[in-house]
Amino acid sequence: MNGILATFRRELHGYFVSPMAYVVLAAFLLINGWVFTLILGELSGPQGPPLGSPMQLLFSNVFLYLLIFPGVCIVITMRLLSAERRSGTIEVLMTSPITELQVVLGKYCAALAFYTFLWVPTLLYAVILQSYDAVDWGPVAAGYLGLLGIGAFFLAVGTFASSLTRSQIVAAVTALAAYFFLLLLPTLMEPSVIDPGGRAVLEHLNLWNHLSEMSRGIVDTRHLVYYLTGTVFFLFLSARVLAANKWR
């Protein structure tokens, strides 16, 4: 546990002393604010029935999951292990009294903490809406839980991609390919699968199914298990990659 905490503090400090962290925060809030403004404009238009609450539409926005999520998670994770390998400091970590899993968990938890920090200012959207009309905080909490779950999953994928290479660019491209594979492949394959068992598997792997229900305030343990198992799987792979490279 001490090894995880030491790695966590070191990595989190690295985020907040880097100018890139504040660039990411500013860009993230600007894009999110722009999307939220568009949603409010659409809902206040004269034609068409309400499509849902503003926060629900924000959480279920396709633009958010196809562009913002992959981009933010890649920037946060692409340097986690690849930079250590490139600079040679990973060897120092590996020879200290700390395991590969502790290194991975410490760095990953720092990435998750920074990711969570990015979303905290968006709570102001709900607070502002509350001043004009009643906000149902249950679905809002479920939406943020979904954002945390999918973010934890994506960050684990990015951590794994970063463990595979010394190059941050290669790590970023690998993570991007993995994200779109997870987001799009089950959706594209599902219509062509006839076997009921295969369709059930693809439906469970389909991220859109999990995201759409969470955005509507539906908290199902199947979604949480999906995010948790995916996160644990990719973190385990990351630790195994570090262990395999330890003796090279």
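The values are calculated or read from the model by the stated rules, or taken from the named source; none is laboratory data. Computed from a predicted structure; not experimentally measured. Neighbour counts run over all protein chains shown; Cβ positions are idealised from the backbone, glycine included.
Couple of notes before you dig in:
- Residue match in segment 74-84 (condition: in a helix (DSSP H, G or I), out of contact with any Leu (no Cβ under 9 Å at 6 or more places or on another chain) and touching a residue at least 12 places away in the same chain (Cβ under 8 Å)): yes
- Segment 71-98, subset surrounded by 15 or more Cβ atoms within 10 Å (Cβ to Cβ) and modelled with pLDDT under 80, residue nearest to residue 183 (Cα to Cα): 83
- Here residue 119 meets the list (1) surrounded by 21 or more Cβ atoms within 10 Å (Cβ to Cβ); (2) modelled with pLDDT of 85 or more; (3) within 20 Å of residue 16 (Cβ to Cβ); (4) not basic (Lys, Arg) almost entirely, failing just condition (1).
- Long-range neighbours under 6 Å by Cβ, at least six apart or interchain, first residue in a helix (DSSP H, G or I) within segment 164-178, second small (Gly, Ala, Ser): 168/82; 171/82; 171/161; 171/162; 174/161; 175/158; 175/161
- Qualifying positions in segment 1-18 - loosely packed, with under 12 Cβ neighbours inside 10 Å and over 21 Å from the mean Cα position of the chain (by Cα): 1, 2, 17
- Residue, surrounded by the most Cβ atoms within 10 Å (Cβ to Cβ), within segment 131-158, restricted to residues that are closer than 14 Å to residue 71 by Cα and of a type in the set (Val, Ile, Thr): 157
- Residues in segment 219-240 that are crowded, with 20+ Cβ neighbours inside 10 Å and of a type in the set (S, T, N, Q) were compared, and the one that is farthest from residue 142 (Cα to Cα) is 238.
- Tally, over segment 111-139, of residues that are in a helix (DSSP H, G or I), farther than 14 Å from residue 72 by Cα and touching a Gly at 6+ places or on another chain (Cβ under 8 Å): 2
- The criterion of being farther than 30 Å from residue 137 by Cβ, modelled with pLDDT of 70 or more and assigned to a helix (DSSP H, G or I) holds for residue 9.
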